[in-house]
Amino acid sequence: MKKFFLNELNMLFAIILNSIIISLLYFPQIGSYIHQQLEYVDHFFILIFLVEALIKLWVYKPKAYFSSGWNIFDFILVVGSLPVLINYIYPIPNTAVLLILRLLRLVRLARFLSFIPRIEMIIAGLGRALKSSVFVIIVLIFLNFLLALFTCHFYGKIAPDYFGDPLISSYTIFQLFTVEGWNDVAHVVSQKYANPMMIGLARFSFVMIVLTGGIFGMSLANAIFVDEMTMDNNQDLEAKMEQLGEQIAELKEMLTKR
């Protein structure tokens, strides 16, 4: 078990090094010669990961190897990286595909999740939280759509940078939902009016958008998400309280019999 753990740490260390190499390849300051050497090192790491997968397949046998979700995850990424090596034998005309495959290998950093304590419970809680938040997210999307059309109709001509069309307006509404620079948007729109009543109505409409979508809507989605994520802890506490209640009831019964 200790040997297996050390091997996993070694491979994680190799994944980190490979991620650093990949990140260095995107620095334009690096000269062409060093860039080529880093490419060779990156391809060497692909060979290491390929050998690792083949050794595991030989040791554990295919049935046991593919019974692990992490092994399947690694195998798919390793197989997906093979065209990079094949490119030495048979040049691939569209190198953009190879660049995408290189970036996909960075996903292997997710292997660190396997070392997080109680990761299964965290993932299960995350799944419940996403399911419970779907309805709130749909409502927020629908609200965003309605407000985008509303603001595009009233403010599209006077503030085209923010509400020029439904897509631009939808992005601005999302910005208002996140309460990011909402007062700047309201200030730009209100400056276009000379009538004090129209200025007040414009400011009031933006305040209501921030309150409904930004403060109330986002807070509700966050509250539901956090509540579902912590449900496992609440269930453990409820189980312990129930067990304690049963023990107290048994103790009372024993005392009454005496």
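Some notes on this structure:
- As a calculated quantity, the FRET efficiency between residue 223 and residue 165 at R0 = 25 Å, using C-beta atoms, amounts to about 0.15.
- Inter-site label distance for residue 34 and residue 251 at 7 Å from Cα along Cβ, in nm: 7.0
- Full extension of the segment from residue 71 to residue 44, taken as 0.36 nm per residue of separation minus the current Cα-Cα distance, would add 7.7 nm.
- Distance between the modelled labels on residue 242 and residue 19, one decimal in nanometres: 4.0 nm (7 Å Cα→Cβ projection).
Read the figures in this text as sums done on the coordinates, not as results from a lab. Here the structure is a predicted model, which means the values were calculated and not measured. Glycine gets a Cβ as well: all are built from the backbone with ideal geometry, and neighbour counts include every protein chain shown.
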